[in-house]
Amino acid sequence: MNQTISPGKLKFTRIAAVVYLLMAIAYVAMPIDFDRVGWLGFVDDFFLFMSAFTLLNGAFQKPERAFIRRQFFLLSAVFFVLCPVWLLILTAIK
């Protein structure tokens, strides 16, 4: 089953993925940390970065690999949901 992706949508997805990854790197590199729980505070940074990284990886897959692309996008969404869930857990620990 061949699915074609419009060039405009593909270009927008790639630009959004690159911007998202740059923002995730800036969040990880920020000297201000809202969760001061030690090493557990880095888990939300990991989830956010992995969400951006898997989105970027999915956006740059070849058009023939639509199934792999969808898997990367799903994995990115899972990491994106885990990040605020982990932040809620950290606020409950404090």
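The values are calculated or read from the model by the stated rules, or taken from the named source; none is laboratory data. This structure is a prediction, so every number in the text was calculated from the model and none was measured. With ideal geometry, Cβ positions are generated from the backbone for all residues, glycine too; neighbour counts draw on all protein chains shown. Note: accessible area is taken over every heavy atom of the protein model, side chains too, but ligands, DNA and RNA are not part of it. Shrake-Rupley method; radii C 1.70, N 1.55, O 1.52, S 1.80 Å.
Just one of the numbered conditions (1) in contact with a Lys or Arg (Cβ under 9 Å, 6 or more places away or on another chain); (2) of a type outside the set (Lys, Arg); (3) farther than 20 Å from Leu22 by Cβ is not true of Gly58; which one?
(3)
List pairs: first residue in the stretch 41-70 and part of a helix (DSSP H, G or I), second residue among the basic types (Lys, Arg) and open to solvent by 90 Å² or more (accessible area, probe 1.4 Å) anywhere in the structure, Cβ distance under 8 angstrom, at least six positions apart or on different chains.
Gly58/Arg70
Does at least one position in the stretch 60-76 carry a residue that is aliphatic (A, V, I, L, M), touching a helix residue (DSSP H, G or I) at 6+ places or on another chain (Cβ under 6 Å) and open to solvent by less than 50 Å² (accessible area, probe 1.4 Å)? Full working, then the answer.
Of the stretch 60-76, the ones aliphatic (A, V, I, L, M) are 66, 68, 74-75.
With the extra rule that they be touching a helix residue (DSSP H, G or I) at 6+ places or on another chain (Cβ under 6 Å), the set shrinks to 75.
Then drop every residue that is not open to solvent by less than 50 Å² (accessible area, probe 1.4 Å), which leaves none.
Within the stretch 60-76, not a single residue is aliphatic (A, V, I, L, M), touching a helix residue (DSSP H, G or I) at 6+ places or on another chain (Cβ under 6 Å) and open to solvent by less than 50 Å² (accessible area, probe 1.4 Å).
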